[in-house]
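So the structure is just underneath, and the comments pick up after that.
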Amino acid sequence: MKLPKVRELLEAIKSLSHRPYTSKFPFKPHQPYPSFRGQPKYDPDRCLGCLACEEICPAEAIAHEDKTSGDIPKRVMIHYTDTCIFCGCCQDACIADHEGIKLSNDWELAFFNRAEAFETIEKELQLCEICGSAIACKDHLKWIAEKIGELSFSNPTLYQSRLKSLGVVDEGIISASKDYSRADRIKILCARCRRETSLTTAPAPVAEEKGT
Ligand code: SF4
Ligand code: SF4
């Protein structure tokens with residue numbers, strides 16, 4: 001018969017006077033260490049909807065959907081909790097001082113239905129005032145305009161966004177015309193419509209024949 005070693009016997013005796021090394025989970029909630037790298041969480045107030053986190057995510061655990069047809073156009077940012085590997089790249093890449101999405105100490109990820117393993121936030125979108133396509137989130141345009149300061153006055157989309165956010169320009173002003181003209185260049189436009197308004201010239205007026 002193999003006898004227990006003295007060290008193991010001493011450990012067993014000592015453990016009688018120690019508190020258990022394991023926690024009482026699930027009867028008592030587990031408290032992770034403060035530096036624990038749990039699943040990332042969006043902060044809807046800090047996130048700008050810029051999509052840098054989606055671009056950088058190595059697990060393709062972040063996606064977005066632009067909803068342009070409702071009363072308020074929105075970008076929905078989606079984080080898939082079942083495919084996330086908690087690497088923290090999204091937090092590192094976040095342009096909002098790494099606060100738009102942050103690793104939390106939330107570790108409890110059990111779910112019954114995998115189709116429900118996602119979290120979302122919504123950000124208001126800015127649409128092109130001519131074609132109605134999505135340009136960027138309003139907070140993102142405002143952030144860029146503030147970041148580059150007076151240089152934003154070289155870009156009508158940026159300075160108009162800034163003026164609208166300050167309440168200087170009416171939020172509700174949009175173009176009623178679907179035709180391009182050079183006067184449209186000072187509107188909030190997508191890249192395609194800006195190119196069209198810059199390159200397309202109005203047809204020259206037909207000269208009236210003399211005597212008619
Ligand atoms: S922690 Fe990593 S895997 Fe998870 S969403 Fe962020 S970048 Fe993607
Ligand atoms: S602001 Fe940060 S969290 Fe929001 S979309 Fe951009 S990178 Fe992602």
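The values are calculated or read from the model by the stated rules, or taken from the named source; none is laboratory data. Quick caveat, the model's predicted, so the values are computed rather than measured. Positions of Cβ are generated from backbone atoms using ideal geometry, with glycine treated the same way; all protein chains shown enter the neighbour counts.
Is segment 138-152 home to any residue that is aromatic (Phe, Trp, Tyr) and modelled with pLDDT of 85 or more?
Scanning segment 138-152 turns up at least one residue that is aromatic (Phe, Trp, Tyr) and modelled with pLDDT of 85 or more.
For the structure I just gave you, tell me whether ILE95 is within 13 Å of the chain's Cα centre (by Cα), β-branched (Val, Ile, Thr) and either loosely packed, with under 11 Cβ neighbours inside 10 Å or in a strand (DSSP E or B) (or both).
In short, no.
Within the bounds of segment 45-52, is there any residue that is more than 9 Å from ligand 2 (Cβ to nearest atom) and assigned by TED's automatic domain parsing to the domain that holds ARG114?
The answer is yes, given that some residue of segment 45-52 is more than 9 Å from ligand 2 (Cβ to nearest atom) and assigned by TED's automatic domain parsing to the domain that holds ARG114.
List pairs: first in segment 12-30 and closer than 21 Å to GLU108 by Cα, second of a type in the set (Ser, Thr, Tyr) and not in a helix (DSSP H, G or I), Cβ under 8 Å, 6+ apart or cross-chain?
HIS30/SER23
Please tell me if ASP106 is under 17 Å from ALA63 (Cα atoms), assigned to a loop (DSSP other than H, G, I, E, B), assigned by TED's automatic domain parsing to the domain that holds ARG46 and of a type outside the set (A, V, I, L, M, F, W, C).
No, not satisfied.
Looking for whichever is touching a residue at least 24 places away in the same chain (Cβ under 8 Å), surrounded by 13 or more Cβ atoms within 10 Å (Cβ to Cβ) and either more than 15 Å from GLU119 (Cα to Cα) or more than 16 Å from ligand 1 (Cβ to nearest atom) (or both) here; the options are ASP66, ASP43. Which one fits?
ASP66
Name the residues in segment 84-119 that are touching a Phe, Trp or Tyr at 6+ places or on another chain (Cβ under 8 Å) and of a type outside the set (D, E, K, R), would you?
ILE95, ALA96, GLY100, ILE101, LEU103, ASN105, TRP107, ALA117, PHE118
Among (1) farther than 20 Å from LYS142 by Cα; (2) without any contact (Cβ under 8 Å) to a residue 40 or more places away in the chain; (3) in a loop (DSSP other than H, G, I, E, B), there is one condition CYS84 misses while meeting the rest; what is its number?
Every condition holds for CYS84 apart from (2).
When you go through (1) near ligand 1 (Cβ under 8 Å from one of its atoms); (2) out of contact with any Lys or Arg (no Cβ under 8 Å at 6 or more places or on another chain); (3) hydrophobic (A, V, I, L, M, F, W, C) one by one for PHE86, which number turns out not to apply?
(2)
Determine, yes or no, whether GLU60 is part of a helix (DSSP H, G or I) and either among the aromatic types (Phe, Trp, Tyr) or at pLDDT 90 or above (or both).
Judged against the criteria, GLU60 is not a match.
Looking at (1) outside any loop (DSSP other than H, G, I, E, B); (2) surrounded by 15 or more Cβ atoms within 10 Å (Cβ to Cβ), which is the only condition GLY49 fails?
Every listed condition holds for GLY49 apart from (1).
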